[in-house]
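What follows is a short report on a single structure.
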Amino acid sequence: MTTMRDVTRELAGRSRASVLWLTLALGLVAAMPAAAQTPVTALGLGVPVPSIDARAAALGGTGLGLPDGSLSARNPADIALFEQPVVGITYAPEEVSVKGADGSLSTGRSRLGVLRGAVPIGDWAVGLAVAPELDQDWQVSFSDTLVSEGGTFPFEEQRTHDGGVSSVNLTAARRLGRLSLGAEYSIITGRLQQRFRRIFEGDIAGETGTIGPAAGNGNWEYSGSRFRFGASATLTGRISVGADLSIQKALTATRDSIDGVTRTRKFDMPVGVEVGASARVSERLLVTGAGGWTGWEGAEGASDNFVASNVTWMGIGAELTGTRLLGAQVPLRFGLRRTDLPFHVPGAEQMSEKAVTLGLGVRVAEDKARVDLAFELGSRGDLAASGVEESFQRFSISLSLLQN
């Protein structure tokens, strides 16, 4: 694999503008000093973000087959289970520790988990949701040396990507006795800003030559669409099941014009299927499980910088009710989950994410409002096998308002 030192030698003697744009085109996986410190959001199209509320996050990241509806943006049929208008918002900050060959560094990110509202109209319900899809936020800094005929110049370089892909989801669902059916059309949109800056020191060989700083930025716009179909059913008074199918068109990425040339790339987006179920094994205990498959394998988009592989995920959880705190009912939740990550460096193993989850919920204002909290402790990748390793702690909080 080409190292940053090899690249900078090749670029020596060219104009500063050429250095700038060629360096931007390299991609992180071509720079070994940066690769060890690169979070997984820098690979491929980023990290897929599950659009789930804090209750689902605490229950092992499920969000399917739960009784009484869910504010997670997974199964469009779930909104038919609400008996009154509801709106909810989830905020999910995350602290990340990135492990590299030269040590570890700490970083973090915060994101909107999901914003969803639903209005029942007889046996029908309509809903609107805004949710993240792919997270591409990352920043990396590293040092290297440019060796050229004009001298030897140490430098510090910083690269930052800020943005990602989100969806706006329009949903309709109908309740048919114990069965609910739903359909959803999603507008996929997003923006990514790439920033680059390199600062050179003086020639350590003692020559008088200097090199000025190099800097620049590029912007990408994303667009696409998706159809999602779902069903949920109450099999008995104690068992609920749910499933959904997603079909997505190609994602178009368009970069702002450089020298009058607009660059466009298309990524074939995956088909996905998810299933889940829950059972109330006693008056106080609910157990749930869910899983899914997404066909990311065809999403490389003619790129040799990353490999896309199919993804499977699964989660299990339990909810214990009946506990009281300051006079209020407080459900306690626990769970485990595991999910593959679709993008990885060529020649490296596909990464997976594992987490232990827990949380609780509180109903306030005579059940007109609910607050749910979740905490996830987990890891992603393995430094020796996949070239990237992270540990993370994520906190989610959901606030939902119900209109009686």
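No value in this document is a laboratory result; all are computed from the given coordinates. Worth saying up front: this structure is predicted, and the values here are computed from it rather than measured. Glycine also receives a Cβ, built like all others from the backbone with ideal geometry; neighbour counts cover every protein chain displayed.
Remark: region 319-377 is approximated by an ellipsoid whose semi-axes, taken from the C-alpha gyration tensor as √(5λ), come to 37, 11, 7 Å, largest first. So if the hydrodynamic radius of region 4-402 is defined as the Kirkwood radius over C-alpha pairs, what does Stokes-Einstein give as its diffusion coefficient at 37 °C and 0.692 mPa s, in µm² per second? Rounded to a whole number, D works out at 144 µm²/s. Among residues other than THR189 with Cβ under 10 Å from its Cβ, the summed charge is -1 (Lys and Arg +1, Asp and Glu -1). Ranking PRO346, GLY272, LEU286 by Cα position along the charge dipole of the chain, where only Lys, Arg, Asp and Glu carry charges on their C-beta atoms, puts LEU286 farthest toward the positive end. Label zone of SER143 (point 7 Å out along Cα→Cβ, amide N under 20 Å): in region 187-203 this covers 197-203. With the convex hull of the Cα atoms taken as the outline of region 61-157, the averaged projected area works out to 9.7 nm². Close amide H pairs (under 5 Å, H built 1.01 Å from N) link GLY387 with ASP382, residues at least 5 positions away or on another chain.
In terms of packing, defined here as the mean over residues of other Cβ atoms within 10 angstrom, the peptides 108-114, 174-180 line up highest first as 108-114, 174-180. In the elastic network of the chain, a GNM with C-alpha springs shorter than 10 Å, the most mobile of ARG228, ARG265, ARG55 is ARG265.
Taking every alpha-carbon pair under 8 Å whose residues sit at least 6 apart, region 56-126 reaches a relative contact order of 30 percent. Working from label points 7 Å from Cα in the Cα-to-Cβ sense, the TRP293 to ILE247 distance is 1.8 nm. Its relative contact order, with pairs defined as Cα atoms under 8 Å and 6+ residues apart, puts the chain at 18 percent. Fully extending the segment from VAL275 to GLN329 would add 16.5 nm, taking 0.36 nm per residue of separation and subtracting the current Cα-Cα distance.
Between the listed residues GLY361, GLY298, LEU325, the Cα displaced farthest toward the positive end of the dipole of region 262-402, a dipole computed from Cβ unit charges relative to the Cα centre, is found at LEU325.
The Rg/Rh ratio of region 275-404, with both radii computed over alpha carbons and Rh defined as the Kirkwood radius, is 1.10. Taking the chain as a Gaussian network of alpha-carbon nodes connected by springs under 10 Å, the highest mean-square fluctuation of the residues LEU181, LEU235, LEU59 belongs to LEU235. Hey, if you put +1 on the Cβ of every Lys and Arg and -1 on every Asp and Glu Cβ in the chain, which of VAL98, LEU81, ALA205 ends up farthest toward the positive end of that dipole? The Cα lying farthest towards the positive end belongs to LEU81. Subtracting the Cα-Cα distance of ALA205 and VAL356 from their residue separation scaled by 0.36 nm leaves 49.0 nm.
Rounded to the nearest 0.05, what FRET efficiency do ASN219 and TRP124 have when you use their Cβ-Cβ distance and R0 = 45 Å? Calculated transfer efficiency: 0.65.
Considering only ILE188, ILE199, ILE239, the mean-square fluctuation computed in a Gaussian network model of the chain, springs between alpha carbons under 10 angstrom, is largest for ILE199. Amide H contacts under 5 Å for SER225: ILE188, LYS249, restricted to partners 5 or more places along the chain or on a different chain, H placed in the peptide plane at 1.01 Å from N.
Over all other residues within a Cβ to Cβ distance under 9 Å of ARG394, the charged ones net out to -3, with Lys and Arg as +1 and Asp and Glu as -1. Counted residue by residue at 0.36 nm each, then reduced by the alpha carbon distance between them, the extension gain from LEU285 to ARG174 reaches 37.1 nm.
What you get for the chain, charging only the Cβ of Lys and Arg (+1) and of Asp and Glu (-1), is a dipole of about 1260 debye around the Cα centre.
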